[in-house]
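**Q** Next up is a structure, given as structure tokens.
The values are calculated or read from the model by the stated rules, or taken from the named source; none is laboratory data. Here the structure is a predicted model, which is why all the values come from computation and not from measurement. Every residue, glycine as well, gets a Cβ built from its backbone with ideal geometry; the counts of neighbours run over all protein chains shown.
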Amino acid sequence: MSTMEITPIRRGGGDCDITGFGMDAARAARDFHRTLPGYAPTPLRRLEALAAEIGVRDILVKDESFRFGLNAFKALGGSYAIGGLIGDAPRTFVTATDGNHGRGVAWAARVLGQRAVVYMPRGSAKERLENIRAQGAEASILDVPYDDAVRYARRQAEENGWTLVQDTSWPGYTDIPRRIMQGYTTMGLEIVEALGDLRPTHILLQAGVGAMAGALTGFFANVYGAARPKVIVVEPLTADCVYRTAFAADGQLHCCDGDSMRTIMAGLCCGEPCSVAWDILRAHADFAMRISDDIAATGMRVLGNPLPGDARIVSGESGASTAGALFHLMTDPSREAIRRALGLDGDSVPLLISTEGDTDRGNYRDIVWRATV
């Protein structure tokens, strides 16, 4: 049975400084990204037929499967962080990843003439491992959950004099995560330029540790001010650290048990929220949502099998989670109370980020062709 739950993000931390995620920061990030081979804005799709089918005015989807030929958005953050750190001597950059972030770091290190070492948690797809190795990085899968892989990468950095490039923050480690997040604002700038006079009413953003969600929430809060769209943060049911933190509303970060995190949404399977991101979400986002895997699988099928006139979007398990959430919200009568709470109706224009393509092609086919979820 499908599960979907929401909790309001009770506004606090109003003193959170988001100037580092405004238009100036986004332009600086994009100026850097323009220096990298293969940079081009990714498409912003309008799914007008789907919008009419489910009962909203329009649906906008940013398709990140085209980013740098890497099939995911993550290279925007890793490259911007590494680009700000390199000097005259080559360095070794180390990270932990479920796949997309590590591939982006490996690619950026190769392009910028640096060395990368990447660690992945148990259960990581072999295809994602090989994609990272294909970028010239040393990569391996550890027999630990994601957050323990992050701690292992941190220890390796300390013991070997390497530089950790992680979008998770903790006391004393905030500058690099913040720079990674600023790299993601290139997406926001591209979206605003493509929108023209069209303005979304809702933005659904995926959260693993929350870095991308925090970055774009800060960006759109800067751009639109008091007229900004409602922000809904979407996570897996079993890896819901942002949801737990929002629900508790006690000023503390709340984590998930790594051994209990089982989800097809590999890129979102993170148990510890990024404090830099949470400060922004607490001040400027509206709702946290957690969903079961079958909802994300629905999103993959809906985007991959479009109605006549709409573009086909190949979106992986994490990338399609928000599309699945929107589809269930608007078509399942049992979600009416949630739909009303979020203010979704026939006048709504939701914006989604398809953060990845089929980065694990075998799993994508199993879900879309064989309905294994």
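**Q** Just need a number here: residues in segment 253-269 that are assigned to a loop (DSSP other than H, G, I, E, B), over 25 Å from SER354 (Cβ atoms) and either modelled with pLDDT under 95 or outside the structural domain of ALA296 (by TED's automatic domain parsing) (or both). I'd like the intermediate steps shown before the answer.
**A** In the first step, residues of segment 253-269 are kept if they are assigned to a loop (DSSP other than H, G, I, E, B); the result is 253-257, 261-265, 269.
From what is left, the residues that are over 25 Å from SER354 (Cβ atoms) are 253-255, 257.
Restricting the remaining residues to those that are either modelled with pLDDT under 95 or outside the structural domain of ALA296 (by TED's automatic domain parsing) (or both) gives 257.
Of the residues in segment 253-269, 1 are assigned to a loop (DSSP other than H, G, I, E, B), over 25 Å from SER354 (Cβ atoms) and either modelled with pLDDT under 95 or outside the structural domain of ALA296 (by TED's automatic domain parsing) (or both).
**Q** Still on this structure, please answer the following. With farther than 19 Å from ALA213 by Cβ, of a type in the set (Phe, Trp, Tyr) and either within 15 Å of the chain's Cα centre (by Cα) or modelled with pLDDT of 95 or more (or both) as the only criterion, which of PHE287, PHE327 stands out? Show your work before the answer.
**A** Details: PHE287 fails: farther than 19 Å from ALA213 by Cβ.
Among PHE287, PHE327, only PHE327 is farther than 19 Å from ALA213 by Cβ, of a type in the set (Phe, Trp, Tyr) and either within 15 Å of the chain's Cα centre (by Cα) or modelled with pLDDT of 95 or more (or both).
**Q** Can ARG199 be described as more than 19 Å from the chain's Cα centre (by Cα) and either under 23 Å from ALA320 (Cα atoms) or part of a loop (DSSP other than H, G, I, E, B) (or both)?
**A** Values: more than 19 Å from the chain's Cα centre (by Cα): yes; either under 23 Å from ALA320 (Cα atoms) or part of a loop (DSSP other than H, G, I, E, B) (or both): yes.
In short, yes.
**Q** Now for a separate question. Output yes when any residue across segment 72-81 is surrounded by 23 or more Cβ atoms within 10 Å (Cβ to Cβ) and in contact with a strand residue (DSSP E or B) (Cβ under 6 Å, 6 or more places away or on another chain), and no when none is. Full working, then the answer.
**A** Initially, segment 72-81 is screened for residues surrounded by 23 or more Cβ atoms within 10 Å (Cβ to Cβ), giving 72-81.
When the remaining residues are screened for being in contact with a strand residue (DSSP E or B) (Cβ under 6 Å, 6 or more places away or on another chain), the result is 72.
The answer is yes; a qualifying residue exists.
**Q** Of the residues that make up segment 339-352, is at least one of a type outside the set (Phe, Trp, Tyr), in contact with a Lys or Arg (Cβ under 8 Å, 6 or more places away or on another chain) and in a helix (DSSP H, G or I)? Talk me through it step by step, then tell me what you get.
**A** Going through segment 339-352, the residues of a type outside the set (Phe, Trp, Tyr) turn out to be 339-352.
Going one step further and asking which of them are in contact with a Lys or Arg (Cβ under 8 Å, 6 or more places away or on another chain), we end up with 342-343, 345-349, 351-352.
The next check asks that each one be in a helix (DSSP H, G or I); those that pass are 342.
So far as segment 339-352 goes, yes, one or more of its residues are of a type outside the set (Phe, Trp, Tyr), in contact with a Lys or Arg (Cβ under 8 Å, 6 or more places away or on another chain) and in a helix (DSSP H, G or I).
**Q** Looking only at segment 151-190, filter to residues that are part of a helix (DSSP H, G or I) and free of Cβ contacts under 8 Å to residues at least 60 places away in the same chain; which one of those is nearest to ARG115 (Cα to Cα)? Let's see the steps before the verdict.
**A** Of all residues in segment 151-190, those part of a helix (DSSP H, G or I) come to 151-160, 175-190.
Filter once more, keeping what is free of Cβ contacts under 8 Å to residues at least 60 places away in the same chain: 151-155, 158-159, 175.
Numbers: ARG151: 20, TYR152: 18, ALA153: 14, ARG154: 16, ARG155: 17, GLU158: 16, GLU159: 16, ASP175: 21 Å.
Looking at the filtered set, the residue picked out is ALA153.
**Q** Can you say whether THR359 is part of a loop (DSSP other than H, G, I, E, B) and either in the same structural domain as ILE59 (by TED's automatic domain parsing) or of a type outside the set (Phe, Trp, Tyr) (or both), as far as the supplied structure shows? Let's see the steps before the verdict.
**A** Numbers: part of a loop (DSSP other than H, G, I, E, B): yes; either in the same structural domain as ILE59 (by TED's automatic domain parsing) or of a type outside the set (Phe, Trp, Tyr) (or both): yes.
Considered against the rule, which asks whether it is part of a loop (DSSP other than H, G, I, E, B) and either in the same structural domain as ILE59 (by TED's automatic domain parsing) or of a type outside the set (Phe, Trp, Tyr) (or both), THR359 comes out as yes.
**Q** Further question on the same structure: Take the conditions without any contact (Cβ under 8 Å) to a residue 40 or more places away in the chain and either surrounded by fewer than 18 Cβ atoms within 10 Å (Cβ to Cβ) or among the β-branched types (Val, Ile, Thr) (or both) and apply them to PRO308. Does it pass? Explain how you work it out, then say what you get.
**A** On the way: without any contact (Cβ under 8 Å) to a residue 40 or more places away in the chain: no; either surrounded by fewer than 18 Cβ atoms within 10 Å (Cβ to Cβ) or among the β-branched types (Val, Ile, Thr) (or both): yes.
Spelling it out, it is not the case that PRO308 is without any contact (Cβ under 8 Å) to a residue 40 or more places away in the chain and either surrounded by fewer than 18 Cβ atoms within 10 Å (Cβ to Cβ) or among the β-branched types (Val, Ile, Thr) (or both).
**Q** Continuing with the same structure: Among the residues of segment 71-79, are any hydroxyl-bearing (Ser, Thr, Tyr), under 21 Å from GLN206 (Cα atoms), in contact (Cβ under 8 Å) with a residue 60 or more places away in the chain and not assigned by TED's automatic domain parsing to the domain that holds ARG339?
**A** Yes, some residue in segment 71-79 is hydroxyl-bearing (Ser, Thr, Tyr), under 21 Å from GLN206 (Cα atoms), in contact (Cβ under 8 Å) with a residue 60 or more places away in the chain and not assigned by TED's automatic domain parsing to the domain that holds ARG339.
**Q** Output the residues belonging to segment 29-40 that are surrounded by 14 or more Cβ atoms within 10 Å (Cβ to Cβ) and either within 21 Å of the chain's Cα centre (by Cα) or not assigned by TED's automatic domain parsing to the domain that holds PHE247 (or both).
**A** Narrowing segment 29-40 to residues surrounded by 14 or more Cβ atoms within 10 Å (Cβ to Cβ): 29-30, 32-33, 36, 39.
Correct list: ALA29, ARG30, PHE32, HIS33, TYR39.
**Q** If you scan segment 212-244, which residues turn out to be crowded, with 24+ Cβ neighbours inside 10 Å and farther than 18 Å from LEU351 by Cα?
**A** Residues satisfying the conditions are PRO236, ALA239, ASP240, CYS241, VAL242, TYR243.
**Q** Considering each of ALA194, ALA96, ALA109 in turn, give the residue that is within 30 Å of ASP31 (Cα to Cα), small (Gly, Ala, Ser), surrounded by fewer than 21 Cβ atoms within 10 Å (Cβ to Cβ) and at pLDDT 95 or above.
**A** Working: ALA96 fails: surrounded by fewer than 21 Cβ atoms within 10 Å (Cβ to Cβ); ALA109 fails: surrounded by fewer than 21 Cβ atoms within 10 Å (Cβ to Cβ).
Exactly one of ALA194, ALA96, ALA109 is within 30 Å of ASP31 (Cα to Cα), small (Gly, Ala, Ser), surrounded by fewer than 21 Cβ atoms within 10 Å (Cβ to Cβ) and at pLDDT 95 or above, namely ALA194.
**Q** Output the residues belonging to segment 351-373 that are of a type in the set (A, V, I, L, M, F, W, C) and surrounded by fewer than 14 Cβ atoms within 10 Å (Cβ to Cβ).
**A** Within segment 351-373, the subset of a type in the set (A, V, I, L, M, F, W, C) is 351-353, 367-369, 371, 373.
Those that are of a type in the set (A, V, I, L, M, F, W, C) and surrounded by fewer than 14 Cβ atoms within 10 Å (Cβ to Cβ): TRP369, ALA371.
**Q** Hey, can you tell me all the residues within segment 270-296 that are among the hydrophobic types (A, V, I, L, M, F, W, C), in contact with a Cys (Cβ under 9 Å, 6 or more places away or on another chain) and either assigned to a loop (DSSP other than H, G, I, E, B) or surrounded by fewer than 23 Cβ atoms within 10 Å (Cβ to Cβ) (or both)?
**A** Across segment 270-296, the qualifying residues are CYS270, ALA283.
**Q** Output yes when any residue across segment 125-136 is in contact with a helix residue (DSSP H, G or I) (Cβ under 6 Å, 6 or more places away or on another chain), in a helix (DSSP H, G or I) and either farther than 21 Å from ARG361 by Cα or among the β-branched types (Val, Ile, Thr) (or both), and no when none is. Break it down into steps so the answer makes sense when it comes.
**A** First, the residues of segment 125-136 that are in contact with a helix residue (DSSP H, G or I) (Cβ under 6 Å, 6 or more places away or on another chain): 131-132, 135-136.
Next, from what is left, pick out any that are in a helix (DSSP H, G or I): 131-132.
Then drop every residue that is not either farther than 21 Å from ARG361 by Cα or among the β-branched types (Val, Ile, Thr) (or both), which leaves 132.
Within segment 125-136, one or more residues are in contact with a helix residue (DSSP H, G or I) (Cβ under 6 Å, 6 or more places away or on another chain), in a helix (DSSP H, G or I) and either farther than 21 Å from ARG361 by Cα or among the β-branched types (Val, Ile, Thr) (or both).
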